[in-house]
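Please read the structure below before turning to the comments.
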Amino acid sequence: MRRKLAAGNWKMNGTSAELERLATLAQNHGAAKSEVLICPPATLLSRAADTVAGSAIAVGGQDCHAEVSGAHTGDVSAQMLKDAGAEFVIIGHSERREDHGESDEDVRNKARAALDAGLVAVICVGESLGEREAANTLDIIGGQLAGSIPDGVTGHTLVIAYEPIWAIGTGKVPTTDQIGEVHDFIRARLERRFGAGVGRSVRILYGGSVKPGNATEIFAVSNVDGALVGGASLKPEDFGPIIDALDASAD
């Protein structure tokens, strides 16, 4: 059985004051049945790891460089994230692909660096509104999966997050049929490339305006193993009910 995963991406939000909220989350949900992951900005990563120490909550990075070290001002390597207490790292988020022009090859190289450092790579894929309206969603997702995932992954080292770009932060949510179609497609592609054993063990998260009000419905969809949550993960009063809904879906 794949253990459910509730992942929170704080993006470029959070200062020391948010660590108190993280402590509250750890106190209230540090023993959740589902795995809980928080990815704060790099400036908070080490302190966040200390804050959740002793709980079942893990911390992760939001990005990493493909190289181990070097003249890359402002970048952070996967080894640095690991040293700061990270267990996971988000790779290829749509905002990185769009704002920084990251290609599938860039994502694959970063994911390989993450695996080499002993981190779990959370690789993001997703289509734009134009691609969805042109009925190109599955072609786009298939290409991203083929180009972004390195060889040699397992269910212990890889998580896939499907994030329809047009639903992130907009309040728009695909229908459950649309979510299920993409998640089932991703599962089939993973099984075809890596074999049934590995393909069925990789967790597939849904990311795109997941909120307490729609979490239960989304978590009932085929092959949805959890969520990659943005803004709602900053507040325990919002993220907590999402974790509770995910726990309930595992019963």
note = Pseudo-spin-label distance Glu98 to Ala196, built 7 Å along Cα→Cβ, given in nm, is 3.9 nm
Spin-label model distance (nm) - Ala250 vs Glu20, 7 Å beyond Cα toward Cβ = 3.0 nm
Shape metrics for the chain, restricted to C-alpha atoms - Rg then Dmax, Å = 16.7, 49
task = Jot down the per residue volume, in cubic angstrom and as a whole number, of the convex hull over the alpha-carbon atoms of the range 150-251.
result = 106 Å³
query = Are there GluC sites (Glu not before Pro) in the range 147-241 that DSSP puts in a loop and that have at most 10 other Cβ atoms within 10 Å, and which ones?
reply = none
ask   = Relative to the present Cα-Cα distance, how much length would full extension add between Thr170 and Gln27 at 0.36 nm per residue of separation?
value = 48.4 nm
request  = Between Ala220 and Ala188, take the C-beta separation as r, use R0 = 30 Å, and let me know the FRET efficiency to the nearest 0.05.
outcome  = 0.90
inquiry  = How big is the dipole moment of the chain about its Cα centre under a simple scheme where the beta carbon of each Lys and Arg is +1, that of each Asp and Glu is -1, and everything else is neutral? Debye, nearest 20, please.
reply    = 500 debye
note = The Rg/Rh figure for the range 75-222, Cα atoms and Kirkwood Rh, to two decimals is 0.96
request  = Please tell me which of these pairs span more than 19 angstrom C-alpha to C-alpha: Lys4/Lys211; Lys33/Lys172; Lys172/Lys211?
outcome  = Lys33/Lys172
ask   = Which value in deg cm²/dmol, rounded to the nearest 500, describes the helix-derived mean residue ellipticity at 222 nm for the chain, given -39,500 (n - 2.57) per DSSP H run of n ≥ 4 and division by the residue count?
value = -12000 deg cm²/dmol
query = Where the centroid of each part is defined by its Cα atoms, how far is the range 156-229 from the range 78-150 in Å?
reply = 14 Å
task = Give me the lysines in straight-line cross-link reach of Lys82: C-alpha distance below 21 Å, same-chain residues under 8 apart excluded.
result = Lys11, Lys110
inquiry  = Using only alpha-carbon positions, what ratio does the radius of gyration of the range 59-147 give when scaled by 2.2 N^0.38 Å?
reply    = 1.15
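Taken together, the values in this text are just the output of simple stated rules run on the coordinates, not laboratory data. All values derive from a computational prediction rather than experimental measurement. Cβ: placed from backbone, ideal geometry, glycine included. Neighbour counts: every protein chain shown.
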